[in-house]
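The values are calculated or read from the model by the stated rules, or taken from the named source; none is laboratory data. On a predicted model such as this, the values are computed, not experimentally measured, just so you know. Here the Cβ positions follow ideal geometry from the backbone for every residue, glycine too, while neighbour counts run over all protein chains shown. Please note that ligands, DNA and RNA were not included when accessible areas were found on the heavy atoms of the full protein model with its side chains. Shrake-Rupley method; radii C 1.70, N 1.55, O 1.52, S 1.80 Å.
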Amino acid sequence: MRHFLKSLIGVVAVLAISCDSSDETGMIDIGKDYFPQKKGLYQVYDIYEINYVLGVPETLQYELKTHVVDSFLALNGEYKYVIHRSKRDSGSDDWTYLDTWSSQVNNHEAVMSEENTSFLKLIFPVAKDVAWDGNKYNTGGADDYSLEEVRVAYTFNDNNFNDCITVVQG
């Protein structure tokens, strides 16, 4: 009986160790790839913006580029990323520098500092129906974010993306 009990405990231990969501490196995927930060990484957005001044709409179209230009080890032991934002009216124009933002990602959250105001953009691990206050680190009123879809396929402008999340603000 004792031998059976030891064998049963050994089998349960092996099953518990082998049944996890880690990748081949042994690291558990908590979703940090949904908020990529790496020196040299950049994104270009096509912006269509409508501003109302005294009820009169003003329509603007331009490209916005975010570029991770540097990173450094912060006092809290985590890396901070320096992000330059630039803008241009069309693809043939030169980029014009706008401002500098920063971001910090750890095992619990991704925080973006926009013009010296920090916003909690994403929490880890990513999971469907998780909610958080995007204004947790600033003095603004509550701004609810939630994850509505996690690890789903999405098609946009004939481009297929296999692993996406949907973050809803407000």
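Give LYS121, LYS128, LYS136 a once-over and let me know the one that is open to solvent by 50 Å² or more (accessible area, probe 1.4 Å), part of a strand (DSSP E or B) and farther than 26 Å from THR59 by Cα.
LYS121
On the basis of being in a strand (DSSP E or B), open to solvent by less than 90 Å² (accessible area, probe 1.4 Å), over 13 Å from VAL167 (Cβ atoms) and at pLDDT 95 or above, does SER71 make the cut?
yes
Could you please tell me which pairs satisfy a Cβ distance under 8 Å, a separation of 6+ or placement on different chains, a first residue in the stretch 44-60 that is within 19 Å of TRP95 (Cβ to Cβ), and a second residue that is exposed (fewer than 10 other Cβ atoms within 10 Å of the Cβ) and not small (Gly, Ala, Ser)?
Pairs that qualify, where the first residue is within 19 Å of TRP95 (Cβ to Cβ) and the partner is exposed (fewer than 10 other Cβ atoms within 10 Å of the Cβ) and not small (Gly, Ala, Ser), are TYR48/THR59; GLU49/THR59; LEU60/TYR48; LEU60/ILE50; LEU60/ASN51.
Can you name the number of the only condition in (1) touching a strand residue (DSSP E or B) at 6+ places or on another chain (Cβ under 6 Å); (2) at pLDDT 95 or above that ASP94 fails?
Result: ASP94 passes all but (1).
For residues that are touching a residue at least 12 places away in the same chain (Cβ under 8 Å), of a type in the set (Val, Ile, Thr) and surrounded by fewer than 17 Cβ atoms within 10 Å (Cβ to Cβ), scanning just the stretch 78-118, find the one that is nearest to LEU64 (Cα to Cα).
THR100
Please verify whether the stretch 78-90 includes one or more residues that are within 11 Å of the chain's Cα centre (by Cα) and at pLDDT 95 or above.
No, the stretch 78-90 contains no residue that is within 11 Å of the chain's Cα centre (by Cα) and at pLDDT 95 or above.
Scan VAL152, VAL167 and give me the residue that is touching a residue at least 40 places away in the same chain (Cβ under 8 Å), open to solvent by 30 Å² or more (accessible area, probe 1.4 Å) and not in a loop (DSSP other than H, G, I, E, B).
VAL167
Could you count how many residues in the stretch 80-110 are part of a loop (DSSP other than H, G, I, E, B) and within 20 Å of ASN135 (Cα to Cα)?
Total meeting the criteria: 3.
Going by the structure shown, is ASP143 surrounded by 12 or more Cβ atoms within 10 Å (Cβ to Cβ) and at pLDDT 95 or above?
Taking the combined requirement at face value, the residue satisfies it.
Which residues, taken from the stretch 80-125, are of a type in the set (A, V, I, L, M) and within 23 Å of GLU148 (Cα to Cα)?
If the condition is that a residue be of a type in the set (A, V, I, L, M) and within 23 Å of GLU148 (Cα to Cα), then VAL105, ALA110, VAL111, MET112, LEU120, LEU122, ILE123 are the ones that fit.
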